[in-house]
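Okay, structure first, notes after.
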């Protein structure tokens, strides 16, 4: 009983959505090359706040302002500083694996002290380094610019109005890359592909799809996540190698996935993946009675035909409610059929979640049940 639909999404008061399975490009399901992106971090100062910055209790902010002024040759008494228009922040960014020197990347900023809002603030130039050893690491990027928080926070006396969270913001293209991540896409004539969702079957299928597309055996499934590709001789040149990569990333593959149901108990959202199966079982849940039964029948061929005796499986699903509603589903009953039946009876997603959990505990649900 394998569904033709890739996913079924159940939302409270929202109809089910069906997404049909089809080939997926390599670039959409895997990472090409072994280089990883790098997380960057920095400590910065936001200025220009309208009295919503850190108070004098945030001693690190006071110290930072004093150090900055001293850097410009201005000596001040730290005790006299009341940085209401200034806030200390942590600055974070992600340097892409192949981010080049001079390119710009987005930056996120979050308050460290007791500031009320970062609205209208401007981040002073902040060096971004490797978070493992920021004091010793080289500077990979420099961040600065006006902060966008996507909200506001206004107040007068005891009254205040706030929209969204105002202590975290972003600076689009807020950092310029100064140092690239060292590494090569192709090493010793080999190119590696790493699946985003490791799976043995998908790994083998990807290698076969690439070989069929290229017309020769160049790809090998190394393990559950990696496919290694030998560059053909005509693509050994650097410029030609990029053409080969462009070909590979557009090869379509039909990935295989474990049968899985993902449940969000807070929102009542249920995502049912492909290949989910149900074994014969009977469940009583509240005022509901559910039964799924298998009946095997012997089917004889017609007289004087060349047919053979076969066994026919008839599966029947029955859902009963105290009010007298009864729904029967026969033949190849799937979990989708069960869900459709429960929907007709007005069963809430939370009750469905309880039923799925019971099916899993009974060993009748042939899928992983993931709670988030």
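Every condition in (1) free of Cβ contacts under 8 Å to residues at least 60 places away in the same chain; (2) over 30 Å from residue 206 (Cα atoms); (3) out of contact with any helix residue (DSSP H, G or I) (no Cβ under 6 Å at 6 or more places or on another chain) is met by residue 104 except one, and the failing one is (1).
Is there a residue being surrounded by 14 or more Cβ atoms within 10 Å (Cβ to Cβ), in contact (Cβ under 8 Å) with a residue 12 or more places away in the chain, outside any strand (DSSP E or B) and in the same structural domain as residue 200 (by TED's automatic domain parsing) anywhere in region 226-237? Taking every residue of region 226-237 in turn, at least one turns out to be surrounded by 14 or more Cβ atoms within 10 Å (Cβ to Cβ), in contact (Cβ under 8 Å) with a residue 12 or more places away in the chain, outside any strand (DSSP E or B) and in the same structural domain as residue 200 (by TED's automatic domain parsing).
Looking across region 205-225, just one residue is exposed (fewer than 15 other Cβ atoms within 10 Å of the Cβ), in contact with a helix residue (DSSP H, G or I) (Cβ under 6 Å, 6 or more places away or on another chain) and over 17 Å from residue 257 (Cα atoms), and that is 217.
Return the total of residues in region 66-89 being within 18 Å of residue 124 (Cβ to Cβ) and surrounded by fewer than 15 Cβ atoms within 10 Å (Cβ to Cβ).
So in region 66-89, the residues within 18 Å of residue 124 (Cβ to Cβ) come out as 66-74, 76, 81, 83-89.
Right, trim to surrounded by fewer than 15 Cβ atoms within 10 Å (Cβ to Cβ) and you get 67-74, 76.
The total comes to 9.
Counting the residues of region 36-47 that are touching a strand residue (DSSP E or B) at 6+ places or on another chain (Cβ under 6 Å) and assigned to a loop (DSSP other than H, G, I, E, B) gives 1. Of everything listed in (1) touching a residue at least 12 places away in the same chain (Cβ under 8 Å); (2) assigned to a helix (DSSP H, G or I); (3) more than 26 Å from residue 176 (Cα to Cα), the single unmet condition for residue 28 is (1). Of the residues screened, residue 213 is one that is touching a residue at least 12 places away in the same chain (Cβ under 8 Å), more than 30 Å from residue 140 (Cβ to Cβ) and outside any loop (DSSP other than H, G, I, E, B). Considering (1) touching a helix residue (DSSP H, G or I) at 6+ places or on another chain (Cβ under 7 Å); (2) assigned to a helix (DSSP H, G or I); (3) not assigned by TED's automatic domain parsing to the domain that holds residue 168, the lone condition that residue 63 does not fulfil carries the number (3).
Looking for whichever is at pLDDT below 90 and surrounded by 15 or more Cβ atoms within 10 Å (Cβ to Cβ) here; the options are 156, 137, 133. Which one fits? Please lay out each step first, then the result.
On the way: 156 fails: surrounded by 15 or more Cβ atoms within 10 Å (Cβ to Cβ); 133 fails: surrounded by 15 or more Cβ atoms within 10 Å (Cβ to Cβ).
Exactly one of 156, 137, 133 is at pLDDT below 90 and surrounded by 15 or more Cβ atoms within 10 Å (Cβ to Cβ), namely 137.
Specify the residue that is surrounded by the fewest Cβ atoms within 10 Å (Cβ to Cβ); the eligible residues are those in region 359-368 that are assigned to a helix (DSSP H, G or I) and modelled with pLDDT of 80 or more. It would help to see each step written out before you state the result.
Looking only at region 359-368, we keep the residues that are assigned to a helix (DSSP H, G or I), and these are 359-361.
Imposing the further condition that a residue be modelled with pLDDT of 80 or more reduces the set to 360-361.
Values: 360: 15, 361: 10.
Ranking the qualifying residues of region 359-368, first place goes to 361.
Just wondering, is there one or more residues in region 48-57 that are surrounded by 14 or more Cβ atoms within 10 Å (Cβ to Cβ), free of Cβ contacts under 8 Å to residues at least 40 places away in the same chain, more than 31 Å from the chain's Cα centre (by Cα) and outside any strand (DSSP E or B)? Break it down into steps so the answer makes sense when it comes.
Step one: list which residues in region 48-57 are surrounded by 14 or more Cβ atoms within 10 Å (Cβ to Cβ), which gives 48-49, 52-56.
Then keep just the ones that are free of Cβ contacts under 8 Å to residues at least 40 places away in the same chain; that gives 56.
Imposing the further condition that a residue be more than 31 Å from the chain's Cα centre (by Cα) reduces the set to 56.
From what is left, the residues that are outside any strand (DSSP E or B) are 56.
Looking for residues that are surrounded by 14 or more Cβ atoms within 10 Å (Cβ to Cβ), free of Cβ contacts under 8 Å to residues at least 40 places away in the same chain, more than 31 Å from the chain's Cα centre (by Cα) and outside any strand (DSSP E or B), one finds at least one in region 48-57, hence yes.
The values are calculated or read from the model by the stated rules, or taken from the named source; none is laboratory data. Since the model is a prediction, treat every value here as computed from it, not as a measurement. No Cβ is skipped: glycine too gets one built from the backbone with ideal geometry, and neighbour counts run over all protein chains shown.
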